[in-house]
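Novice: Starting off with a structure, shown below.
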Amino acid sequence: MRRILGMVAAISIVAAACSTGDEVVASVNGVDLNRSRVEILIPESAGETVPSEFSRFLTVVIQWEAVAQAAESDFGIEPTEQEIDVRLEEFVAGLADDTTLEAYLASVNASVAGIREFARQLVIQDGIESRLAGAADPISDDMITDELVNARLDWTVVCASHILVETVEDAEAVIVRLDGGEAFATVAGEVSLDPGSASDGGDLGCNSPSGFVDSFAAATMVAEIDVPTAPVESDFGFHIILVSQREEATQELVREALEIDALAAAVDDWFVAVIASAEVSVDEAIGVWVTEPTPQVLATN
């Protein structure tokens, strides 16, 4: 789902280009697709569209036609104009404060027709997710326990700062200064070799320890809160680490996250199966439809 929907979301709201004709360029399960349905997705600023670009936009139209047909036949999902209006209002409400639809369209070179098509796609996506919400296998307590034990770093967030120096002797000198009462941020700004954090007093923000090198990650998991660690060696040098906060996920949070992942996988599988199994024909002058490695139109030229 993310692979396909992400592509659609990225390109399906741009402005309509001028068309020189409205001939049929492809069909999906016997439903003809006219050139105008593709050109509504192409930016006016793009100029003359090269075959590879037209094929890319045509791929999106074919994919969503297959999805829309299956959504209606499998689940009875057929967006109404009112549902599209509501979804469009929700989209606009999620924009930056005081941003109007007109201002947003102008900023991204988008048309009203294009943004309404995007809203229609979102209605279909929401409906499919709702119908498939109960299709995934339930998340068991054993699955949650396994995650918390074997992927503990991934389910933990630590807020940490560090001072990076070259040698253990340098690290010990840092500890002496900290024990003497100097502020961690001050020492970091003066001696830390990490240019990305030194100017911020060594602050690394709040992150999952899984993003750190092994020795650093392990240290953040056992460090006493608000107490600088002993020197921690890594390939970068020696670190003095200060953990100000550490929060591990609850079973409820893990369950919720796993349920979201399971739903995403179920919807993804449905999308891929529907698109791959669709009967698609493409004007030979434009390209050819293939399903491997991913369903798409390959341009003739």
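FYI, it's all coordinate maths here, none of it is from the lab. From a predicted model like this one, the values you see are computed outputs, not experimental measurements. Don't worry about glycine lacking a Cβ; one is built from the backbone with ideal geometry, like all the others, and counts go over all protein chains shown.
Novice: Cα-Cα pairs above 23 Å in the range 195-285: how many percent?
Specialist: Result: 52 percent of Cα pairs exceed 23 Å.
Novice: Using a cut-off of under 20 Å, list every residue of the range 22-37 whose amide N is near the label point 7 Å from the Cα of Ala285 along the Cα-to-beta-carbon line.
Specialist: 22-28, 32-37
Novice: Using only alpha carbons, build the gyration tensor for the chain and give me the equivalent ellipsoid semi-axes, biggest first, whole Å.
Specialist: Semi-axes from the Cα gyration tensor: 51, 24, 19 Å.
Novice: Quick one: helix 251-277 against the long Cα principal axis of the chain, what's the angle to the nearest 10°, folded into 0 to 90?
Specialist: That works out to roughly 30 degrees.
Novice: Please sort 64-74, 143-153 by packing, taking for each peptide the average over its residues of neighbouring beta carbons within 10 angstrom, highest first.
Specialist: Order by mean packing, descending: 64-74, 143-153.
Novice: With r as the distance between the Cβ atoms of Glu252 and Ile225 and R0 = 22 Å, compute the FRET efficiency 1/(1 + (r/R0)^6) and round to 0.05.
Specialist: It comes to 0.40.
Novice: Hey, can you rank 212-220, 131-139, 96-104 by average C-beta count inside 10 Å, highest first?
Specialist: 212-220, 131-139, 96-104
Novice: On a 0 to 90° scale, report how tilted helix 51-75 is relative to the longest principal axis of the chain, with both axes built from alpha carbons and the result rounded to the nearest 10.
Specialist: The angle comes out near 80 degrees.
Novice: From the gyration tensor of the Cα coordinates in the range 53-204, what semi-axes in whole Å does the equivalent ellipsoid have, largest first, with each one equal to sqrt(5λ)?
Specialist: The equivalent ellipsoid of the range 53-204 has semi-axes of 52, 26, 15 Å.
Novice: If you don't mind, there's one more thing I want to ask. In terms of modelled amide H atoms, which long-range or inter-chain residues lie less than 5 Å from the amide H of Ser234?
Specialist: His239
Novice: Divide by every residue of the chain the summed helix terms, -39500 (n - 2.57) for each DSSP H run of at least 4, and state the resulting mean residue ellipticity at 222 nm, rounded to the nearest 500 deg cm²/dmol.
Specialist: -16000 deg cm²/dmol
Novice: Of the peptides 272-283, 51-62, how do they stack up when ordered by the mean number of other Cβ atoms within 10 Å, highest first?
Specialist: Top of the packing list down: 51-62, 272-283.
Novice: I've got another one for you. Given labels modelled 7 Å from the Cα in the Cβ direction, how far is it in nm from Ile260 to Asn29?
Specialist: Each label point is offset 7 Å from its Cα along the Cβ direction, giving 3.1 nm.
Novice: Using R₀ = 22 Å, calculate the FRET efficiency as 1/(1 + (r/R₀)^6) where r is the Cβ-Cβ separation of Asp141 and Glu72; round to 0.05.
Specialist: Efficiency, from the Cβ-Cβ distance: 0.05.
Novice: Compute the long axis of helix 112-132 from its Cα atoms, compare it with the longest principal axis of the Cα atoms of the chain, and write down the angle in degrees, 0 to 90, nearest 10.
Specialist: For 112-132 against the chain, the angle is about 70 degrees.
Novice: Taking the Cα-to-Cβ direction at Glu90 and at Asp235 and moving 7 Å from each Cα, how far apart do the two end points lie in nm?
Specialist: 4.5
Novice: Shifting gears a bit: Once the convex hull of the alpha carbons of the range 143-248 is built, what does its volume come to per residue, in cubic angstrom?
Specialist: Expressed per residue, the convex hull around the Cα atoms of the range 143-248 is 85 Å³.
Novice: Once you put a point 7 Å from the Cα of Asp200 and another 7 Å from the Cα of Thr80, both along the Cβ direction, what distance in nm separates them?
Specialist: 4.9
Novice: Cut-off 16 Å, label point 7 angstrom out along Cα-to-Cβ of Leu101: give me the residues of the range 111-151 whose amide nitrogen falls inside.
Specialist: Hits in the range 111-151 for Leu101 at 16 Å: 111-123.
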